[in-house]
Amino acid sequence: MLVSPKSLVKIARSGNAVERLRAVRDGQAAVRVAAVGGALSTGVLHALRHPRTTSDLAEEIGARDVELLEAFLRALTAAGLVRTADGVHRLTRRSRALLGDDVVRAAYEGFSDFHTGLYRDLPGQLAGGRARDDVSRHGDVIARLSRAMEPLVHDALAREVRESGARRLLDVGCGDGSHLVHMLAAAPEAAGVGIEIDPAAAALAVHALATAGLAHRGKVLTADVREVAAEGPRALGGPVDLALVANVVYYLPVAERTDLLRAVGGLLAPGGRLVVVSTMAEDSAFSRHFDLLLRAQDGGMSLPRPDEVATQLTAAGLEVTAIQRLAPGDPLYAVTAERARVAAAEAHVAPGAV
């Protein structure tokens, strides 16, 4: 039956037509995200790497309610994730592409779970409920999702390595070691140290160095950089020419950030550079969302502003030399600072001179 023009006019006049259309589209997008998240969390997509019947799939993922599973499969078929023929379910090309890209999987896992759960739980938290623990429980998903920006960070690091002529490198909070590996690859004559407080992440970094054939030029310390810095540069085998602090500062309370940067700065050689890479607080939707997510955690977390990081670096005794947005429209920045060079007169003061 065709809809009459009069009915269309009534629909248009019954409310805000533009916002109604936007709400429907947003709702459909939210359902698609949730469907992919559910297909991943239930294990359906992974199980369908090999075609299976409904009963075989139910046994594979431990599903007892087969009728509900069939309804779920119909929903996934409508979403373009599964195709079914002769009672056998298979992945579509889109699903195979999704499973083949870890950043895509992490995006669906995170946004169908805690990224949107933040808003569902917000009324209770605003009323005094306990802080969230997404960073500690889902740190792996956050780290995997952040890899989408790695090429931008790596390009910036390669430029810093080339311009500084660095021979000794340091990666603070090195995570899985990808940045350290990239810096060492960009500086074939350099040696590097990664410092990581999480033993599991540190083990990944050690493996990354070995896999890249760089274990002879790089090592990883499982420690808090502030404890390492308390021993001075000798804890690293000497002062470093280039230090990186990437996606670390926003996990610390604001009051502790200058001390962290001062500690890292104390490990630099005269004229050495410290590069702070971070998603920054600015008026973009993702930046404000991520800042809200951090502030909802326990521990005083929040996104910094570029000028705030610059002020903290200055307070740490370093000279800020550059503030750079790493991609147009993206809130990812690199702030670079240098340790003052020792003046020639100071470096050759005679013993006993006043």
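The values are calculated or read from the model by the stated rules, or taken from the named source; none is laboratory data. The structure displayed is predicted, hence computed values, not measured ones. Every residue, glycine among them, receives a Cβ derived from its backbone with ideal geometry; neighbour counts consider all protein chains shown. Calculation scope for accessible area: heavy atoms of the full protein, side chains included, ligands and nucleic acids excluded. Shrake-Rupley method; radii C 1.70, N 1.55, O 1.52, S 1.80 Å.
Within the set Ala205, Ala235, Ala200, the sole residue that is closer than 24 Å to Ala156 by Cβ, without any contact (Cβ under 8 Å) to a residue 60 or more places away in the chain and out of contact with any His (no Cβ under 9 Å at 6 or more places or on another chain) turns out to be Ala205. Which of the following residues is at pLDDT 95 or above, part of a strand (DSSP E or B) and either in contact with a Leu (Cβ under 6 Å, 6 or more places away or on another chain) or not hydroxyl-bearing (Ser, Thr, Tyr) (or both): Asp259, Asp241? One residue alone meets the criteria, Asp241. Please verify whether the range 192-202 includes one or more residues that are more than 19 Å from Glu160 (Cα to Cα) and modelled with pLDDT of 95 or more. Within the range 192-202, one or more residues are more than 19 Å from Glu160 (Cα to Cα) and modelled with pLDDT of 95 or more. Those helices (runs of 4 or more DSSP H) of the range 116-197 in which 1 or more residues are closer than 21 Å to Gln324 by Cα and among the basic types (Lys, Arg) occupy 150-164. Here is a list of conditions, (1) more than 30 Å from Glu150 (Cβ to Cβ); (2) surrounded by 13 or more Cβ atoms within 10 Å (Cβ to Cβ); (3) under 34 Å from the mean Cα position of the chain (by Cα); (4) not acidic (Asp, Glu), and His50 meets all of them except one; can you say which number that is? Answer for His50: the failing condition is (2). Checking Val240, Val254, Val225 one by one, the residue that is open to solvent by 50 Å² or more (accessible area, probe 1.4 Å) and under 30 Å from Leu294 (Cβ atoms) is Val254 and no other.
Here's the yes/no breakdown for (1) more than 14 Å from Ala75 (Cβ to Cβ); (2) outside any helix (DSSP H, G or I); (3) modelled with pLDDT under 95:
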site	(1), (2), (3)
Val3	yes, yes, yes
Lys6	yes, no, yes
Lys10	yes, no, yes
Glu19	yes, no, yes
Arg25	yes, no, yes
Ala34	no, no, no
Gly37	no, no, no
His50	yes, yes, no
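Between Val276, Val220, the distinction of being farther than 22 Å from Arg159 by Cβ, open to solvent by less than 40 Å² (accessible area, probe 1.4 Å) and part of a strand (DSSP E or B) belongs to Val220 only. Here Phe286 meets each of (1) surrounded by 14 or more Cβ atoms within 10 Å (Cβ to Cβ); (2) under 15 Å from the mean Cα position of the chain (by Cα) with one exception, condition (1). Candidates in the range 97-129 are the residues that are out of contact with any helix residue (DSSP H, G or I) (no Cβ under 8 Å at 6 or more places or on another chain) and either in contact (Cβ under 8 Å) with a residue 24 or more places away in the chain or of a type in the set (A, V, I, L, M) (or both); of these, the one that is most open to solvent (accessible area, probe 1.4 Å) is Leu126.
Considering every residue within the range 85-94, establish whether at least one is touching a helix residue (DSSP H, G or I) at 6+ places or on another chain (Cβ under 9 Å), at positive phi and not aliphatic (A, V, I, L, M). Taking every residue of the range 85-94 in turn, at least one turns out to be touching a helix residue (DSSP H, G or I) at 6+ places or on another chain (Cβ under 9 Å), at positive phi and not aliphatic (A, V, I, L, M).
Among residues of the range 130-159 that are in contact (Cβ under 8 Å) with a residue 12 or more places away in the chain and within 14 Å of His115 (Cα to Cα), none has a beta-carbon under 6 Å from a residue that is open to solvent by 50 Å² or more (accessible area, probe 1.4 Å) and outside any helix (DSSP H, G or I) at least six positions away or on a different chain. Would it be correct to say that Leu221 is out of contact with any Ser or Thr (no Cβ under 6 Å at 6 or more places or on another chain) and either touching a residue at least 24 places away in the same chain (Cβ under 8 Å) or aromatic (Phe, Trp, Tyr) (or both)? Here the answer is yes, as Leu221 does meet what is asked.
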